[in-house]
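Throughout, read-outs are computed from the coordinates displayed, never taken from laboratory work. What you see is a predicted model; the values in this text were computed from it and never measured. As a convention, Cβ positions derive from the backbone with ideal geometry for all residues, glycine included, and neighbour counts pool all protein chains shown.
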Amino acid sequence: MTSRFTLTLILAASVGLAACGGKTREDKRMRFDGIAFRTSAKAINKKETLANFRVEVRDALRSQRGALAAADHEAKRYCIENYGTSRFDWTNIALDAEGNYKIQLDKSDAIYTGSCES
């Protein structure tokens, strides 16, 4: 009787763990305008200062509004890690005549630059 109970318990635990394993990495990423963008941020010149940074958003043409929101999130994370504050200013974002953001592209990736405020 004990072995039947043990087998049932092991089977139930296996089913429970299998249900948890169904999520993929993309399911866990934040979405901006419905899209999970891959982003990275790094200092432009580490030897000079960590305040000036560059954020790269891959496949930004899928949604420019979403790409900017993803870049904003990544920039805040970068500034918090390096300066303890989420305050920063973009240094290369401008509006065109229609009021849309003009972004610098490297193929389909957006490149944003900014500066952390201390």
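What to note about this one:
- Too-long pairs where the Cα-Cα distance tops 23 Å, listed order kept, from Lys46/Lys102; Lys42/Lys102; Lys42/Lys107; Lys76/Lys102: Lys46/Lys102
- Under the simplified labelling scheme, the Ala43-Arg58 pair shows an inter-label distance of 2.5 nm, with each label point 7 Å from Cα along Cα→Cβ.
- Length gained on full extension, Trp90 to Met30: 19.5 nm, using 0.36 nm per residue less the C-alpha separation.
- Between the amide H of Phe32 and those of Phe37, distances stay under 5 Å, these residues lying 5 or more places away or on another chain, with hydrogens modeled in the peptide plane.
- For segment 35-78, the residues whose backbone nitrogen is under 16 Å from a point 7 Å from the Cα of Ser118, taken along Cα to Cβ, are 43-53.
- Proximal charge balance of Asp59 [Cβ under 9 Å; K/R count +1, D/E count -1]: +2
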